[in-house]
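Working notes, structure below.
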């Protein structure tokens, strides 16, 4: 009888004895698990299995690296158990398996945890502390928790080549990614672009589409119905928004040319208000519908913006533009357009050559040229905005509104949209290849494959740059004179 057969027999006898001897006697499973682990180590079971299969057909396993910034959670243990089961099955069928574990050791997830450890509130605290000391703290943290996770994984019973784990912050890994980026550049896929991006004001950086996926929570904001006076006319336009701070950067109003609108005389207001017919329900007190009209009758009208006294609004001509996506399911069928504060507004603004105004800095506070709002965090601006609208006679009403709103995936701060220059990998040319590749994969369960295909079909350009401290350095060197981009590869 082999040592392994003897060991299994003894374990079975322990279980049998504990079951039949007495109801009070229970098997000590934790002790038995340690005995199994000790047996594997003493007899070098993992090493012998690898050696037995070394010359056989290979089975390539790529371990998506676990983030080494905290101990392993139950969801990590679940995933690792599945990976271990697949590898064991393949190995016991004679395959020579690749057992390299990985640790994700750079990025916002590590930085945020170190900030918590040091009691920091934002990027300014990091700059005052010193970038070199901060990054060393990040390295210390990932070294500690990669050790913790390795010990946890061994205790879980996972078989890996634990002495050969890869780390994403190493020169080896960075060189490989630089090689990839150089290939992207040679294919014309690297571009620096000025776009409104999801922006975390606490972390002081933009966030990618992937990072924002599923990163929403139900939030209650104070929404506002504001009034835009129409020039050379005897009526005004009613506008609704859940982000009052963006009214500072308004450059246009959008209506649906085919939607039904109404001119309504509302109690307490001298001039009648234009709103979608379906939005008349939002008008308070006594009201009188003077006439109905289509949205195309409003297109081209010029109006006075909400805060014309702001220096950034000086000299701008504000008009009503057509947009087929406008509806009256929420609000009043009129959308205020601020291309510097939202992706949809930005795309619409490009088609009409609208001015792009970015009102906030990287901490989410208003810039100097924003008058009464200057220096105020956008998240705290609503009461000041309402007060100013009230003084101008442009406030119709406010109300509490609960909706799903994006938050930073790491620190859970509410995200703003900010116009910034970032580096992107363009996806238009590579999307078909990715979709075809996804189609060759056997997905378990099958619906995950459909989810992946749907995501690939709808993904935008990949934002790869972050305005942070501890991450992969981008080897991009644009010429200051001609703009030619040089990308250093390995």
Residues satisfying the stated conditions in the stretch 398-419, i.e. on the phi < 0 side of the Ramachandran plot and exposed (fewer than 14 other Cβ atoms within 10 Å of the Cβ): 399, 400, 402, 403, 404
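Within the stretch 7-18, does at least one residue satisfy the condition of being assigned to a helix (DSSP H, G or I) and modelled with pLDDT of 95 or more?
In the first step, residues of the stretch 7-18 are kept if they are assigned to a helix (DSSP H, G or I); the result is 7-18.
Still in the list and also modelled with pLDDT of 95 or more: none.
No: zero hits.
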Tell me which of these residue 121 doesn't satisfy, since it passes every other one: (1) closer than 23 Å to residue 206 by Cα; (2) part of a helix (DSSP H, G or I). (2)
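If a residue has to be surrounded by fewer than 16 Cβ atoms within 10 Å (Cβ to Cβ) and under 16 Å from residue 245 (Cβ atoms) to count, how many in the stretch 221-231 make the cut?
Taking the stretch 221-231 and keeping what is surrounded by fewer than 16 Cβ atoms within 10 Å (Cβ to Cβ), we get 222, 231.
Remaining after also requiring under 16 Å from residue 245 (Cβ atoms): 222.
Within the stretch 221-231, residues that are surrounded by fewer than 16 Cβ atoms within 10 Å (Cβ to Cβ) and under 16 Å from residue 245 (Cβ atoms) number 1.
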If you take just the strands (runs of 3 or more DSSP E) that sit entirely in the stretch 315-414, which of them hold at least 1 residues that are within 21 Å of residue 217 (Cα to Cα) and at pLDDT below 95? 395-406
When (1) at positive phi; (2) modelled with pLDDT under 90 are applied to residue 61, the one that fails is (1)
Only residues that are more than 24 Å from the chain's Cα centre (by Cα), over 23 Å from residue 209 (Cβ atoms) and surrounded by 21 or more Cβ atoms within 10 Å (Cβ to Cβ): list them for the stretch 329-362, please. 331, 332, 333, 334, 336, 354
Flag if residue 254 is in the same structural domain as residue 236 (by TED's automatic domain parsing) and either part of a helix (DSSP H, G or I) or free of Cβ contacts under 8 Å to residues at least 24 places away in the same chain (or both): no
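Pick from 436, 451: which is at pLDDT 95 or above and surrounded by fewer than 16 Cβ atoms within 10 Å (Cβ to Cβ)? Please lay out each step first, then the result.
Details: 451 fails: at pLDDT 95 or above.
When all the criteria are applied, what remains is 436.
Condition check ((1) at pLDDT 95 or above; (2) in the same structural domain as residue 82 (by TED's automatic domain parsing); (3) within 29 Å of residue 460 (Cβ to Cβ)) across all residues:
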{"position": "120", "(1), (2), (3)": "yes, yes, no"}
{"position": "129", "(1), (2), (3)": "yes, yes, no"}
{"position": "147", "(1), (2), (3)": "yes, yes, no"}
{"position": "154", "(1), (2), (3)": "yes, yes, no"}
{"position": "204", "(1), (2), (3)": "no, no, yes"}
{"position": "225", "(1), (2), (3)": "yes, no, no"}
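Only residues that are farther than 24 Å from residue 391 by Cβ and either touching a residue at least 24 places away in the same chain (Cβ under 8 Å) or within 35 Å of the chain's Cα centre (by Cα) (or both): list them for the stretch 298-309, please. If you could, list the steps in order and put the result at the bottom.
First, the residues of the stretch 298-309 that are farther than 24 Å from residue 391 by Cβ: 298-301.
Those that are farther than 24 Å from residue 391 by Cβ and either touching a residue at least 24 places away in the same chain (Cβ under 8 Å) or within 35 Å of the chain's Cα centre (by Cα) (or both): 298, 299, 301.
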Which residues, taken from the stretch 420-433, are exposed (fewer than 12 other Cβ atoms within 10 Å of the Cβ) and either in a strand (DSSP E or B) or touching a helix residue (DSSP H, G or I) at 6+ places or on another chain (Cβ under 6 Å) (or both)? 421
Members of the stretch 280-300 found to be surrounded by 20 or more Cβ atoms within 10 Å (Cβ to Cβ) and either in a strand (DSSP E or B) or modelled with pLDDT of 95 or more (or both), listed by number: 295, 298
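Kindly evaluate residue 438 against the criterion of being on the phi < 0 side of the Ramachandran plot and touching a helix residue (DSSP H, G or I) at 6+ places or on another chain (Cβ under 7 Å).
On the way: on the phi < 0 side of the Ramachandran plot: yes; touching a helix residue (DSSP H, G or I) at 6+ places or on another chain (Cβ under 7 Å): yes.
Yes, satisfied.
Listed residues 368, 454, 387; which is out of contact with any strand residue (DSSP E or B) (no Cβ under 7 Å at 6 or more places or on another chain), under 30 Å from residue 279 (Cβ atoms) and free of Cβ contacts under 8 Å to residues at least 60 places away in the same chain?
Of the residues listed, the single one that is out of contact with any strand residue (DSSP E or B) (no Cβ under 7 Å at 6 or more places or on another chain), under 30 Å from residue 279 (Cβ atoms) and free of Cβ contacts under 8 Å to residues at least 60 places away in the same chain is 387.
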Can you spot a residue in the stretch 267-277 that is out of contact with any strand residue (DSSP E or B) (no Cβ under 7 Å at 6 or more places or on another chain), closer than 26 Å to residue 348 by Cα and touching a residue at least 60 places away in the same chain (Cβ under 8 Å)? no
When the stretch 195-212 is examined, which residues are found to be closer than 26 Å to residue 400 by Cα and not in a strand (DSSP E or B)? 201, 202, 212
Considering the stretch 143-192, residues that are farther than 21 Å from residue 472 by Cβ and outside any helix (DSSP H, G or I), and then whichever is nearest to the chain's Cα centre (by Cα), we arrive at 188
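Taking into account only those residues within the stretch 452-464 that are within 13 Å of the chain's Cα centre (by Cα) and assigned to a loop (DSSP other than H, G, I, E, B), which is nearest to residue 200 (Cα to Cα)?
Here is the first cut: in the stretch 452-464, the ones within 13 Å of the chain's Cα centre (by Cα) are 459-460, 462-464.
Filter once more, keeping what is assigned to a loop (DSSP other than H, G, I, E, B): 459-460, 464.
On the way: 459: 21, 460: 19, 464: 15 Å.
This residue is 464.
The values are calculated or read from the model by the stated rules, or taken from the named source; none is laboratory data. Quick caveat: nothing in here was measured; it's all calculated off a predicted structure. Don't worry about glycine lacking a Cβ; one is built from the backbone with ideal geometry, like all the others, and counts go over all protein chains shown.
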